[in-house]
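I have placed the structure first, in the form of structure tokens, so that the comments after it can refer back to it.
Read-outs: derived from the displayed coordinates by stated rules, not from any lab. All values derive from a computational prediction rather than experimental measurement. We place every Cβ from the backbone using ideal geometry, glycine too, and count neighbours over all the protein chains shown.
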Amino acid sequence: MSTLAHTMMTAARSADSGLAGPGELDRYPYAETHVSDRVGAPAWEGADPELSRVGRRAAGSRGRGLHGQLVQQLGQMIVSGDLGADRPLVPEEIGQRFEVSRTVVRESLRVLEAKGLVSARPNVGTRVRPVSDWNLLDPDIIEWRAFGPQRDDQRRELSELRWTIEPLAARLAAGHGREDVQQRLGDMVEIMGHAMGQGDAITFSRADSEFHSLLIQVAGNRMLEHLSGIVSAALQVSGGPVTGCDRPNEASLGHHGRIVDALATGDGVAAESAMRQLLTAHPEVERVVPAPREH
């Protein structure tokens, strides 16, 4: 995982996902989803005692060895509230508890600092920061919140944010008329249909994420493009239906297809409408669809 701050908004993009050519649908690649005080000295009871034994456990979604695992573990503990705001994090204690080197601890804390979860200051040390300081648009924090005590709030907020972003992106994308993009989006719909027929929910999800990220990226708005990682993260969190993309079904597939058709004819209104229908393909989603505001 990069420690550079500018990667926060795009870390969840499927940059390594390949497209299937003719006759290659069965080989479409996918990745597993996932998916007390000494004036407050950390209590590590919730930590994974096997963290340092890399050979015995998968590295997880941000895997890549001990460094990635420690970021994952500490990030989850902070977001879940196990390590509360203003709690001191002593590198030596972390290293001893998780049996990792000072370098691993130092680099992990730098990643968490870039995400706004901790701060390090001279004569103060490293402390957990309040929620108001977190980069809530960071895909890792989105995932950690979605699987923690804040899961309901996170999923509602993601759904509302997608309702703001994606219908607009679909309408804007219809004005670009790029045949290569339309072909790629069509390929994603074909892959999704094939995966659904095979009962392969993972491949369906991977192609679905590629579809939505690509659609935002071709809307012609660079600020919207930076939000594609948020949509990808939203599509990867689980825990009950929030949008029509959450379960492979004919209705969801049909709405994706209608978006592609609208883009092919340059019909921005139809593309926007199809996206709104897609985002409300489940009756259960009605409780999180933003209601019109009274003025």
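For the reader, a short list of remarks on this structure follows.
- Sorted on the mean count of surrounding Cβ atoms within 10 Å across their residues, most packed first, peptides 109-119, 144-154 read 109-119, 144-154.
- Listed peptides 179-187, 82-90 by packing density, highest first (mean Cβ within 10 Å): 82-90, 179-187
- Estimated FRET transfer efficiency (Arg156, Ser101; beta-carbon r; R0 45 Å; 0.05): 0.65
- With K and R counted +1 and D and E -1, the other residues having a Cβ less than 14 Å from that of Leu172 yield a net charge of -1.
- Potential lengthening between Thr164 and Met223 on full extension [0.36 nm per residue; Cα-Cα distance subtracted]: 19.9 nm
- Between Glu250 and Gln183, the contour length at 0.36 nm per residue exceeds the Cα-Cα span by 22.1 nm.
- Test item: Cα-centred dipole of the range 143-198, Lys/Arg +1 and Asp/Glu -1 on Cβ, debye: 140 debye
- Each Lys or Arg adds one and each Asp or Glu subtracts one; over the other residues with Cβ under 15 Å from the Cβ of Asp133, this totals +3.
- Normalised Debye scattering of the range 92-224 at q = 0.13, 0.15 Å⁻¹ gives log10 I(q)/I(0) of -0.80, -0.93, counting only Cα atoms as equal scatterers and leaving out solvent.
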